[in-house]
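Colleague: I'd like to ask you about the structure that follows.
The values are calculated or read from the model by the stated rules, or taken from the named source; none is laboratory data. Bear in mind that the values here come from a model prediction, so they are computed numbers and not experimental data. When we count neighbours, we look across all protein chains shown, and the Cβ atoms used for this are built from the backbone with ideal geometry, even at glycine. What goes into the accessible areas is simple: the full protein's heavy atoms, side chains included, and nothing from ligands, DNA or RNA. Shrake-Rupley method; radii C 1.70, N 1.55, O 1.52, S 1.80 Å.
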Amino acid sequence: MRDANLILESKPDIHLDDEHLRNNIRILMNDDLLLEYNTVNGDAPGKLDSIEDLDKWISAITHMDDGIRAKHNRERRQYLDHLAEFKKEPRRPLYVPNLTSATTSSTNFKRNYALKLKDEERTLLAANDGCNNCRQLWIGKDHAC
């Protein structure tokens, strides 16, 4: 932005002085950078606002922005690592679509079916008055699913 403003010095009607350029940069800051700016700046007159040289002020803002980006990249990598570990765990879906159904071969209707129960699951459902079809507990024997 500073370089673009330097190019416009020969056109005084659109060239911004240093104070207006600072204000435009502050307006264009994203929420994270603005929060960091206000935290570092503190109360009036503020550390960053007291920097008279615009290039040093822009350098300080750039340094803060680089720190925020590095933090976001670390958090993103941690999330992706966590997600990769989660995907390694074996999971079994409750319902799997049955794409080949003999009764509905002429229509686009898709029927869902539950995977076969394991012995532990069958025992748990039986002990807690559950349904073997919908896998819900405590629903009674006259449940229609």
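Colleague: If you count only protein heavy atoms and use a 1.4 Å probe, how large is the accessible surface of GLU19, to the nearest 10 Å²?
Modeller: 100 Å²
Colleague: If you count only protein heavy atoms and use a 1.4 Å probe, how large is the accessible surface of SER50, to the nearest 10 Å²?
Modeller: SER50 has an accessible surface of roughly 70 Å² with all protein chains in place.
Colleague: For a quick check of understanding: with a 1.4 angstrom probe and all protein chains in place, what accessible area in square angstrom does THR123 have, to the nearest ten?
Modeller: Accessible area of THR123: about 90 Å².
Colleague: Let me ask another. In nm, what is the difference between 0.36 nm times the number of residues separating ASP55 and LEU115 and their Cα-Cα distance?
Modeller: Gain on stretching ASP55 to LEU115: 15.1 nm.
Colleague: Follow-up question, since we're still on this one. Stretch ALA126-GLU75 to full length: gain in nm at 0.36 nm per residue minus the Cα-Cα span?
Modeller: Length difference between fully extended and current span is 13.9 nm.
Colleague: Taking the Cβ of ASN30 as the center, what net charge do the other residues with Cβ under 14 Å away carry, scoring Lys and Arg +1 and Asp and Glu -1?
Modeller: That sum, taken over residues with Cβ under 14 Å, equals -2.
Colleague: Then there is this: Label points 7 Å out from Cα along the Cβ direction at ILE68 and GLN136: separation in nm?
Modeller: For the pair ILE68/GLN136, the computed spacing is 4.9 nm.
Colleague: Roughly speaking, what is the stretch gain from GLU19 to ASN38, that is 0.36 nm per residue apart minus the C-alpha to C-alpha distance, in nm to one decimal?
Modeller: Full-extension gain reported as 5.1 nm.
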